[in-house]
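Everything on this sheet refers to the single structure shown next.
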Amino acid sequence: MLRVEHVDAGYGDVQVLWDVSFKVDAGEFAVLVGANGAGKSTIMKTISNLVQPSRGEIWFEETRLNGIPPNRIIDLGIAHVPEGRQLFPEMTVRENLELGSLTARAKSHRKQSMEWVMELFPRLRERQKQLAGTLSGGEQQMCAIARGLMSRPKMVLFDEPSLGLSPLLTQDIFRLTHQIHQEGLTILMVEQNVKQTLTICDRAYVLTNGKIVMEGKGRELLENQEVKEAFLGI
Ligand code: ATP
């Protein structure tokens, strides 16, 4: 469904990604793991074309994504739930959610999408008139995820959805990403909870200094000695 082929990318003169290639099949739950600064968020931004690759190609289904504006990429069916949530704090939960359905395709389904996300996140239904800036950290993350779903994606890019959350709320977020996957969406997730992420994913890629250095089934990588030493402290 998604193919990233030999991508180099970075910021100005600073190259962050080096010849990155990987794929995510339809229906898969794939994850990217790597140390801080390895380039995980940059990969997510490059897929959404918030960062333009200087080399290589990115394909989603039959469409080459290079040069396509981010809003059009959303319309093709890729939702990006960014690190740090990036909600509009002075707007209500409902208004933030509506902003997730601005593209033509999403707009025509706005009512059904709103009902779908409110069912997935009953807490947001209760708090739909509250200003997003006054939500708790966990509720803000739910709102950011729900806003991504409002575009009716086929694939969701989750960038560190559990960042800054308590262990209990992290469990809630993992449960919700699992549920979203069960509903048929394809997932690519970046997560710092490596053990848990490798346990639930179908396929994982390990990124070191902007290069993919390992790939495999999540459970295989959990047993890998290098992964154990680098990420699991074993
Ligand atoms: P983390 O787990 O800490 O979020 P990451 O693997 O997601 O890290 P990136 O955020 O992709 O890493 O950053 C990779 C490198 O690119 C880092 O050295 C970072 O400082 C640099 N970088 C990220 N964003 C920018 C930017 N807007 N301008 C310049 N450099 C950037």
Fill in: Cα long-axis angle, helix 167-182 against the chain (0 to 90 degrees, to the nearest 10)
90 degrees
Response to the item:
The ³J(HN,Hα) series, computed from each phi in the range 116-126 with the Karplus coefficients 6.51, -1.76 and 1.60 at θ = phi - 60°, rounded to the nearest Hz and given as x for glycine or proline, is 4, 6, 5, 6, 5, 10, x, 4, 6, 4, 4
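Give, rounded to the nearest 20 debye, the magnitude of the charge dipole that the chain has about its Cα centre when Lys and Arg contribute +1 at Cβ and Asp and Glu contribute -1 at Cβ.
Working: 27 positive and 29 negative charges, 135 e Å.
Charge dipole, the chain, about its Cα centre: 640 debye, nearest 20.
Determine the relative contact order of the chain: mean sequence separation of Cα pairs under 8 Å and six or more apart, normalised by residue count, in whole percent.
Relative contact order of the chain: 26 percent.
Over the range 105-224, calculate the relative contact order: mean separation of alpha carbon pairs under 8 Å at least 6 apart, over the residue count, as a percent. Display every interim value, and only then the final one.
Values: 108 pairs, mean separation 22.3, N = 120.
In percent, rounded to a whole number, it is 19.
Going through the cross-link list K107/K217; K107/K211; K40/K228, which pairs have a Cα-Cα distance over 29 Å in this structure? Write down the numbers at each step before the final one.
On the way: K107/K217 37 Å; K107/K211 38 Å; K40/K228 19 Å.
Listed pairs above 29 Å: K107/K217; K107/K211.
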Worksheet entry | Helix-only [θ]222 nm of the chain, DSSP H runs n ≥ 4, -39500 (n - 2.57) each, per residue, nearest 500 | -10500 deg cm²/dmol
Worksheet item: If you take the beta carbon distance between R110 and R64 as r and set R0 to 22 Å, what does 1/(1 + (r/R0)^6) give as a FRET efficiency, to the nearest 0.05?
Response: 0.15
Worksheet item: Mean separation of Cα pairs under 8 Å and 6+ residues apart, divided by the residue count of the range 33-134: what relative contact order is that in percent?
Response: 24 percent
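Just add up the charged neighbours of R55: K/R +1, D/E -1, any other residue whose Cβ is under 13 Å from the Cβ of R55.
On the way: positive: none; negative: E5, D8, D19, E57.
Computed value for this residue: -4.
First select every other residue whose beta carbon is under 11 angstrom from the beta carbon of F231; then total the charges, Lys and Arg +1, Asp and Glu -1. If you can, show how the numbers build up before the last one.
Working: positive: K195, K228; negative: E191, E226, E229.
Surrounding charge for F231 is -1.
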Worksheet item: Put +1 on the Cβ of every Lys and Arg and -1 on every Asp and Glu Cβ in the range 1-93; which of V7, I74, G39 then has its Cα farthest towards the positive end of the dipole?
Response: G39
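Two-decimal Rg/Rh of the range 25-119 from alpha-carbon positions, Kirkwood Rh? Could you put the intermediate results ahead of the total?
On the way: Rg = 15.2 Å, Rh = 15.4 Å.
Value, to two decimals: 0.99.
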Worksheet entry | Range of Cα positions in the chain per principal axis (Å), largest first | 47, 40, 32
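Give, as a single signed number, the net charge of other residues whose beta carbon lies under 9 Å from the beta carbon of V206, with Lys and Arg counted +1 and Asp and Glu -1. Could you put the intermediate results ahead of the total?
Values: positive: none; negative: E215, E226.
Summing Lys and Arg as +1 and Asp and Glu as -1 gives -2.
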Practice prompt. Return the long-range amide H neighbours of M189 (sequence gap of 5 or more, or a different chain), with a cut-off of under 5 Å between placed amide H atoms.
Written response: A30, V31, L32, F158
Worksheet item: How big is the C-alpha Rg of the range 135-216 next to the rule-of-thumb value 2.2 N^0.38 Å, as a ratio?
Response: 1.11
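How large is the accessible surface per residue of the chain, computed with a 1.4 Å probe and reported in Å² as a whole number? Walk me through the intermediate numbers first.
Details: 11000 Å² over 234 residues.
Solvent-accessible surface per residue comes out at 47 Å².
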Worksheet entry | Shape category assigned to the range 1-69 from the gyration tensor of Cα positions, a/c cut at 1.5 | oblate
Worksheet item: What list of whole percents do you get for P(r) of the range 193-234, with Cα-Cα distances grouped in 5 Å bins up to the one holding the largest distance?
Response: 6, 25, 37, 26, 7
Response to the item:
Simple spin-label estimate for T208/R55, 7 Å along Cα→Cβ, in nm, reads 2.1 nm
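The values are calculated or read from the model by the stated rules, or taken from the named source; none is laboratory data. Nothing here was measured: the structure is a model prediction, and the numbers come from that model. We place every Cβ from the backbone using ideal geometry, glycine too, and count neighbours over all the protein chains shown. Surface areas here come from the heavy atoms of the whole protein model, side chains and all, with no ligands, DNA or RNA. Shrake-Rupley method; radii C 1.70, N 1.55, O 1.52, S 1.80 Å.
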